[in-house]
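The values are calculated or read from the model by the stated rules, or taken from the named source; none is laboratory data. Note that this is a predicted model, so its numbers are computed, not measured. Positions of Cβ are backbone-derived with ideal geometry, glycine not excepted, and every protein chain shown enters the neighbour counts. In case anyone asks, the SASA skips ligands and DNA or RNA and just uses the protein heavy atoms, side chains included. Shrake-Rupley method; radii C 1.70, N 1.55, O 1.52, S 1.80 Å.
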Amino acid sequence: MTWDVLRYDTVDSTNNVCKALAAQGLDSTAVIARAQTAGKGRLGRSFQSPEGGLYLSALWQDCPAGQLLTVTPLAAVAVCRAVESLCDTDCGIKWCNDVVLHGKKLCGILTEGGASLESGLLEQVVIGIGINIRHTKTAFPPELCRRVTSIEEAVPDCHVKRAQLLSAVLCELEQLLPDLSQRRFLREYRSRSCLTGRTVEIEMTDGNTKKASVVGIADDCGLIIRNLNGDVETLYAGD
Ligand code: BTN
């Protein structure tokens, strides 16, 4: 698998551009932009995308059907490996899609699935990845500043270029995607999980919150939690 790369200055969302390309039948194509005007996050949220980040969407038409939910965790492992290959640091993963550095969010991932192809065996996916490389103090609202970081802020000695990071992420995706069904990446995903063993407050998709302790990551990448009443359940959405 090799990637064709399309570069833009500003787009609404690289995921949207990628989905339009998918409709034209393109495959193994990566779209990058310097900034996004309507970056999309999980759970219908927006994703602040000022200059200073790598906003990347990778189109993959060969996703085995039924494996869509494992693409995001796999991509999180790919981003961790890519960042660590360029900087002397250790990345963690906050279920299910945040790559964190020093306890703050470095990268978010939004995977969107397309219609099944004719065979019904493969699905098209757009893997959207936003990584903060460097940003000015005013790039994010103050509330967000407390929760997000950039490579430059977390690892000041690491002067990574966007092109280097792009190539490292695509390289790791290329290596890991064929392993999607085997899920060999899961061991690494689990070892990088920074929620396991911790008590967390979970925002459910209906907007309610609850406290629970995190037991671990299930084989299908769900989050296994123990509720305060002792019941154990696996979550597939939420924050
Ligand atoms: C999240 O943290 O909620 C997911 C954020 C995903 C952001 C990336 S940036 C590139 C791609 N284009 C988008 O509009 N979103 C993803």
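When the chain is treated as a Gaussian network with alpha carbon springs shorter than 10 Å, the biggest mean-square fluctuation among L176, L144, L223 belongs to L144. Highest GNM mean-square fluctuation among S49, S13, S181, for the chain modelled with Cα contacts below 10 Å: S181.
Out of G44, G216, G128, any idea which swings most in a Gaussian network model of the chain, alpha carbons joined below 10 Å? Looking only at G44, G216, G128, the largest GNM fluctuation is found for G44.
The ellipsoid that matches the Cα gyration tensor of the range 14-92 has semi-axes, each √(5λ) in whole angstrom, of 22, 18, 13, with the longest given first.
I'm checking a number: the convex hull volume of the Cα atoms of the range 169-239, normalised per residue, in Å³. What is it? Don't skip to the answer; put the middle values down first.
Values: hull volume 7.6 nm³, N = 71.
Dividing the Cα hull volume of the range 169-239 by its residue count gives 107 Å³.
Calculated accessible area for the chain comes out at 48 Å² per residue, all protein chains present (probe 1.4 Å; ligands, DNA, RNA ignored).
Give me the number: length gained by fully extending S167 to S46, i.e. 0.36 nm times residue separation minus the C-alpha to C-alpha distance, one decimal in nm. Don't jump to the answer; show the numbers that get you there.
Details: separation 121, 0.36 × 121 = 43.56 nm, distance 2.57 nm.
Length gained, S167 through S46: 41.0 nm.
The Rg/Rh ratio of the range 123-185, with both radii computed over alpha carbons and Rh defined as the Kirkwood radius, is 1.08. The lysines whose alpha-carbon is closer than 26 Å to the alpha-carbon of K40, local same-chain residues fewer than 8 away aside, are K19, K94, K104, K105, K137, K161, K210. Multiplying the residue separation of L228 and T138 by 0.36 nm and subtracting their alpha-carbon distance yields 28.4 nm. The slack between A23 and N208, meaning 0.36 nm per residue of separation minus the straight C-alpha distance, is 62.9 nm.
Note on D4 and L69: with the Förster distance fixed at 30 Å, the Cβ-Cβ geometry gives a FRET efficiency of about 0.70.
Cysteines in the chain lacking any other cysteine Cβ under 4.7 Å from their own Cβ: C18, C63, C96, C107, C145, C171, C194, C221.
Among residues other than I202 whose Cβ falls under 9 Å from its Cβ, what is the net charge (Lys/Arg +1, Asp/Glu -1)?
On the way: positive: K210, K211; negative: E201, E203, D239.
Local charge sum for I202: -1.
Which loop trypsin sites (Lys or Arg not before Pro) in the range 55-153, with loop taken from DSSP, have no more than 10 other Cβ atoms within 10 angstrom of their Cβ? Those that pass, being in a loop and sparsely packed, are K137, R146. Extents of the range 118-239, taken as max minus min of Cα coordinates on every principal axis and listed largest first, are 48, 47, 29 Å. Shown here for the range 166-228: trypsin sites (Lys or Arg not before Pro) in loop regions (DSSP other than H, G, I, E, B) with at most 15 other Cβ atoms within 10 Å, namely R184, R198. Summarised as an ellipsoid, the chain has semi-axes of 26, 23, 17 Å, derived from the eigenvalues of the Cα gyration tensor scaled by 5 and square-rooted, with the largest first.
Membrane-span-like helices in the chain (whole DSSP H runs, Cα extent of at least 27 Å along the helix axis, mean Kyte-Doolittle hydropathy of at least -0.5): 68-86. The mean of 1/r over all pairs of different alpha-carbon atoms in the range 49-158, once inverted, gives a Kirkwood hydrodynamic radius of 14.8 Å. Between E84 and R184, the modelled label-to-label distance comes to 1.6 nm, taking each label 7 Å out from Cα in the direction of the beta carbon. Shown here for the range 65-133: GluC sites (Glu not before Pro) in loop regions (DSSP other than H, G, I, E, B) with at most 16 other Cβ atoms within 10 Å, namely E118.
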